Amino acid sequence: MINPLNTLTGRMVSVTIVAVMVAYAIAFAIYTNERGSALRRAAETNVAERVAFTAERLRDIPAERRTTAVDSFRDFSMRFSVSDEPQITANLGGAGTRIATAISERLTDSNAHAQTRIVDAPSRRWRVERDPRDRGRGRGRDDREWDDRPPPPDGFGAGGPGGPDSLSDAPTVRVTEAIISVRLSDGSWLNTSARLPGPRPAPVSAIVGALISIIIVGIGAALVSRQIGRPLSDLAKAAQALGSGQSNVSAPVSGPEDVRRASTAFNAMAERLGRQLNRQRQMLWALSHDLRTPITAIRLRAELIEDDAERQRLLASVAEMETLTEQALSLARAGASDEARSTVDLAEIARTLCGELQDMGVNVTAEANEALMVECRPTEIARAMRNLAENAAKYGGGGIMRTYRNEANEAVTEVRDEGPGVPPELLTKLTDPFFRADEARSEAKGAGLGLAITQAIADSHGGRLILENLTPRGFSAKLVLP
């Protein structure tokens, strides 16, 4: 099965989506940072102004009444108190320093300190259960109301611990808590506890918009890559068909201009190559056919020779010429057969072939008990299997033919022998026409076309021929079909 990420469409879509996601992540980081910074600065400015305003109001109130007056200064998210000592005595930088600086600029004759920290605290707005006696007294129909009063300290409600205003059920949010101390004119200190907005997540609408944009971009990338990938896939299939020996192969001319030019150039090359191969095959067929007539005439003349020894030598040469002619004709036909493809059982072919060879005295046995169905040209595949079996018997003294499927689910026909093998430097030459490694394996003679024919048949089926030496001794020939 093809991995989608290994295709042009899959990779283009993946790269595009990853690029868009990275771009959105960077944009979100910048947006969130700027948005949060703007909100924090606005909140800090508001807190500084409220504290400065409160300090200015306390200046006009006698010292003995300040404690009572400060309790009446209600604020949604701030607590005020007056004491002889400051709650904090130094600034630690960050938001606290900025708030303290803003207050000092507003109150030029005062000293201010501020510190901040992030804490988890009840929400500013929470629902509280009203006392049943208050129902119907002008506070609305609902028994639970939004109470905008500042949260009482230590989690206690207005009615005491566990009272009707208890915050035990209030939602918890992350906020920035600011502690501010401002020196008043008489040496006392105004201590303030304020809540600033804490870190806020990115808006859901922005996230949804980003996801929709990524999906749209991914679909667009898939459509564009498909317009490029489909013509390239057709071109690859046409090239594979041409490489397997098929003639009259052409690729559809479609897609972008660059791909169209590539398809047009391939079609021109395939046409020229097809004409050249057809001329070579026709020439080889003609030569092989024309040689039969003089060979037959020589055989008839040899039969008239009275000297038996001379006649046998001449007939042996004629037989070798006939074998060479037939194999040359088979090589020319390999991969160019008009035989229709059909689904056959390679195991059955192996058993039948080995049985026939054994009847002819060829030492080849079959180990093919399980069916192995493959779509192929049966006559050509049988010829290739026969060549491998005859080679094993000729050069290795006998062989074993096995059929099975490998890890890639390919059909494999393997013929093993226990011969001396082939020098490693000669393995790649064994499929060359008319090449023989007789000196390495035995004194057997042949035309040297058996493996070349098998290689051509494997190529025409989109398969391959694997030749390798075995350890410590022997030789293996594998015909692998998809």
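The values are calculated or read from the model by the stated rules, or taken from the named source; none is laboratory data. Because the structure is a prediction, the values reported are computed rather than measured. For neighbour counting, all protein chains shown are included, and Cβ atoms are generated from backbone atoms with ideal geometry for every residue, glycine included.
Scanning the range 56-68 turns up no residue that is part of a strand (DSSP E or B) and within 18 Å of residue 194 (Cβ to Cβ).
In the range 55-86, of all residues being more than 13 Å from residue 185 (Cα to Cα) and β-branched (Val, Ile, Thr), the one that is nearest to the chain's Cα centre (by Cα) corresponds to 70. Every condition in (1) of a type in the set (Lys, Arg); (2) modelled with pLDDT under 90; (3) farther than 23 Å from residue 243 by Cα holds for residue 416 except the one numbered (2). When the residues of the range 5-27 are filtered to those that are in contact with a helix residue (DSSP H, G or I) (Cβ under 8 Å, 6 or more places away or on another chain) and of a type in the set (S, T, N, Q), the one that is surrounded by the most Cβ atoms within 10 Å (Cβ to Cβ) is 9. Pairs under 6 Å by beta carbon, first residue in the same structural domain as residue 323 (by TED's automatic domain parsing) and of a type in the set (A, V, I, L, M) in the range 271-293, partner surrounded by 11 or more Cβ atoms within 10 Å (Cβ to Cβ) and assigned to a helix (DSSP H, G or I), six or more apart or different chains? Listed by first residue and then by second, the contacts come to 284/332; 291/325. Confirm whether residue 242 is surrounded by 13 or more Cβ atoms within 10 Å (Cβ to Cβ), more than 33 Å from the chain's Cα centre (by Cα) and either in the same structural domain as residue 321 (by TED's automatic domain parsing) or within 28 Å of residue 458 (Cα to Cα) (or both). Judged against the criteria, residue 242 is not a match. You will find that of 470, 481, 465, 388, the residue that is modelled with pLDDT of 85 or more and exposed (fewer than 15 other Cβ atoms within 10 Å of the Cβ) is 470 and no other.
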